[in-house]
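What follows is a set of notes on a single structure, which appears directly below.
The values are calculated or read from the model by the stated rules, or taken from the named source; none is laboratory data. Bear in mind that the values here come from a model prediction, so they are computed numbers and not experimental data. Glycine gets a Cβ as well: all are built from the backbone with ideal geometry, and neighbour counts include every protein chain shown.
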Number of protein chains: 2
Amino acid sequence: MTDAFDAVLPAQLPAPQEATAYAPSNIALSKYWGKRDAGLNLPLNSSLSISLAEWGTTTTILPADRDEVSLNGEVLDPASSFATKVVAYLDRFRRGQTLPVRVETVNTIPTAAGLASSASGFAALTKAIDGAFALSLPEAQQSMLSRYGSGSATRSFWHGFVRWDRGADPAGMDSFAVPVEAPWLDFRIALIKVDTGPKAQSSRDGMGHTVATSPLFPPWPDRAEADCAAIEAAVRAQDFATLGALAEANALAMHATMMAARPALTYLKAGSWQVLEALWQARAEGLEAYATMDAGANVKLIFLKEAGADVRRLFPAAEIIDPFGYSP
Amino acid sequence: MTDAFDAVLPAQLPAPQEATAYAPSNIALSKYWGKRDAGLNLPLNSSLSISLAEWGTTTTILPADRDEVSLNGEVLDPASSFATKVVAYLDRFRRGQTLPVRVETVNTIPTAAGLASSASGFAALTKAIDGAFALSLPEAQQSMLSRYGSGSATRSFWHGFVRWDRGADPAGMDSFAVPVEAPWLDFRIALIKVDTGPKAQSSRDGMGHTVATSPLFPPWPDRAEADCAAIEAAVRAQDFATLGALAEANALAMHATMMAARPALTYLKAGSWQVLEALWQARAEGLEAYATMDAGANVKLIFLKEAGADVRRLFPAAEIIDPFGYSP
């Protein structure tokens, strides 16, 4: 089985040149949860996301005498978790060649939003590597390679709606994302921060624990695949009520698989449920907004522009994103 | 198919005489969730409970000129939901015979505990009917018949641990409860009331909705059956850590099946999760107590006598029950 990096990269990389790239973060409306191959980071099911416009990561690569990684302007200890991951990912491209670089990572996601930055981080890093080593790989191939850094990074190469196809190839060469060409200018996202301590378990570990121990996990992959297709159809039809109900149900089902894990995995906290209860109460009174939650306590809402004032009234601290209002 | 009541009752009932009976409420440590036959109230899986000693229902039946139902000393409107259910259940026994009775029901469950009383109610009613009509049915048959009133009533005919076997007979003649002869004098239960409004959906409706719509329901019956056997083994071995972990996981899995229903069914509220988070924090610091939750927002804890002081400190408003400390 050919390694994916060997398959798409030239045998020798040129000396690095300076390159900068930006990638938006993304939120899955149809979740990725569970791997069919942990080594290749291959998912059990396809997923569909919306990108977060100007909330993302800008990464610059520069020639250097030795590898150096900075985050938000601060040079990191090479032994830090972040620097180790970045260098390990670079090494997949360099495959033994001595091509030291300096990697400058700047996240534009407000800390208050409580969003993970690994998706935009690995996508921006991949794009910057592509530029620095003059690879000119098609975006689909960059998306495929970014999967080795973080599964959700595959979806961060485009703005708007993006679908990551699970693929069928055991080597994972067909498991990458593609843009869903269906702009929806009134589509909005709100991020509602729920204060909690640090995450108990990374999403990678939580996924593995759930797949291994949750008696309710087995039906998830088929349902998630069906949800992904139905959610894409609702996006293309701009059928917001169907999209919202499906996205919320898909997220709750993912969290249900974790809640049934043994022992239980509960990223959602009492504060998350307070937000959901307030949302459901408002929805019963007419507000068209739906929730989605990832491997953390924060709650994200989706709604259309016309519901914006009501969402702000209900959740004054929410950060609101206009995913199609991005101007580079 | 013979009707279960025809099968075990004499063709004609005698005139009623006064009879009084008591039945304790019970809490399932291994849950009943999902029916294989809604008409016969037959469960998809076996369940195991602990009875609540002096918390239950006392029912008296007296001869009368016409049916009359009172609850906690108050005569009810015959059209009320409670009176209608009691008379409909009586009619299953009377099968067209004119044998009017007065039914006096007194619940000894503190309202503050927020516990349902249908289990003890239908068990006490069945026992009182047995006495009033001089039936002298074995308890197993009374348990089997009480299933038509409320599934969980089958487990309220005994103190201590009780197992309701799902049975295999399509007519349900073998689906009744049996006592698990394994007294555990140090076993304790705490009821922690979580304030919420009225229940959104009865457990009967919630069960049906979950079975019909939850993509995660299909693995539940097999897992619940396995949990029931493992929980019984832990009870018999007095292995509290195993029992507690299994009971908590079983309850969370049941709630996970509901959370994945479409639309989601969430009997647990933000306040329930606050209790669970406080419990998990205390458990991480050494407290040996585990939670179980039914079709409502309240949380029940199980623990051994030695943990009582810590449980009281953590949840000062908890009601604590000694299930083997009952003296009639």
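For the condition part of a helix (DSSP H, G or I), crowded, with 20+ Cβ neighbours inside 10 Å and acidic (Asp, Glu), residue B:130 qualifies. Any chance segment B:207-225 includes a residue that's more than 26 Å from residue B:39 (Cβ to Cβ) and assigned to a helix (DSSP H, G or I)? No, segment B:207-225 has no match at all. With the condition kept exactly as written, say whether any residue in segment A:69-86 is within 16 Å of the chain's Cα centre (by Cα), surrounded by fewer than 20 Cβ atoms within 10 Å (Cβ to Cβ), of a type in the set (Lys, Arg) and in the same structural domain as residue A:107 (by TED's automatic domain parsing). The answer is no, given that none of the residues of segment A:69-86 is within 16 Å of the chain's Cα centre (by Cα), surrounded by fewer than 20 Cβ atoms within 10 Å (Cβ to Cβ), of a type in the set (Lys, Arg) and in the same structural domain as residue A:107 (by TED's automatic domain parsing).
Residue B:106 meets the conditions (1) among the β-branched types (Val, Ile, Thr); (2) surrounded by fewer than 19 Cβ atoms within 10 Å (Cβ to Cβ); (3) modelled with pLDDT under 95; (4) in contact with a Gly (Cβ under 9 Å, 6 or more places away or on another chain) in every case but one. The failed one is (3). When only residues in segment A:160-182 that are farther than 18 Å from residue A:34 by Cβ and of a type in the set (A, V, I, L, M) count, which is surrounded by the most Cβ atoms within 10 Å (Cβ to Cβ)? Taking the candidates together, the pick is A:162. Looking only at segment A:165-186, decide whether some residue is of a type in the set (A, V, I, L, M, F, W, C), in contact (Cβ under 8 Å) with a residue 60 or more places away in the chain and in a helix (DSSP H, G or I). Looking through segment A:165-186, none of the residues is of a type in the set (A, V, I, L, M, F, W, C), in contact (Cβ under 8 Å) with a residue 60 or more places away in the chain and in a helix (DSSP H, G or I). Have a look at B:29, B:52, B:13 and point out the one that is within 11 Å of the chain's Cα centre (by Cα), among the aliphatic types (A, V, I, L, M) and over 17 Å from residue B:231 (Cβ atoms). Being within 11 Å of the chain's Cα centre (by Cα), among the aliphatic types (A, V, I, L, M) and over 17 Å from residue B:231 (Cβ atoms) holds for just one of B:29, B:52, B:13, which is B:52. Going through (1) farther than 18 Å from residue A:289 by Cα; (2) within 13 Å of another protein chain (Cβ to nearest Cβ); (3) part of a helix (DSSP H, G or I); (4) not hydrophobic (A, V, I, L, M, F, W, C) one by one, residue A:242 falls short only on (1).
The rows are residues; the columns are (1) more than 22 Å from the chain's Cα centre (by Cα); (2) more than 8 Å from chain B (Cβ to nearest Cβ); (3) at positive phi; (4) of a type in the set (A, V, I, L, M).
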{"residue": "A:250", "(1), (2), (3), (4)": "no, yes, no, no"}
{"residue": "A:256", "(1), (2), (3), (4)": "no, no, no, yes"}
{"residue": "A:265", "(1), (2), (3), (4)": "no, yes, no, yes"}
{"residue": "A:269", "(1), (2), (3), (4)": "no, no, no, no"}
{"residue": "A:273", "(1), (2), (3), (4)": "yes, no, no, no"}
{"residue": "A:277", "(1), (2), (3), (4)": "yes, no, no, no"}
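To keep it simple, each residue is scored yes or no on (1) at pLDDT below 95; (2) in the same structural domain as residue B:43 (by TED's automatic domain parsing).
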position	(1), (2)
B:115	yes, yes
B:121	no, yes
B:127	no, yes
B:132	no, yes
B:136	no, yes
B:153	no, yes
B:163	no, yes
B:168	no, yes
B:193	yes, no
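Residue B:214 satisfies every condition listed in (1) buried (at least 22 other Cβ atoms within 10 Å of the Cβ); (2) touching a Phe, Trp or Tyr at 6+ places or on another chain (Cβ under 8 Å); (3) not acidic (Asp, Glu) except (2). The set of residues from segment A:1-36 being more than 22 Å from residue A:93 (Cβ to Cβ) and either of a type in the set (S, T, N, Q) or not in a strand (DSSP E or B) (or both) comprises A:25, A:26, A:30, A:31, A:32, A:33, A:34. With respect to the conditions (1) in a loop (DSSP other than H, G, I, E, B); (2) β-branched (Val, Ile, Thr); (3) more than 9 Å from chain B (Cβ to nearest Cβ), residue A:302 falls short on a single one, namely (1).
Within segment B:300-313, is even one residue in contact (Cβ under 8 Å) with a residue 24 or more places away in the chain and farther than 13 Å from residue B:188 by Cα? No, segment B:300-313 has no match at all.
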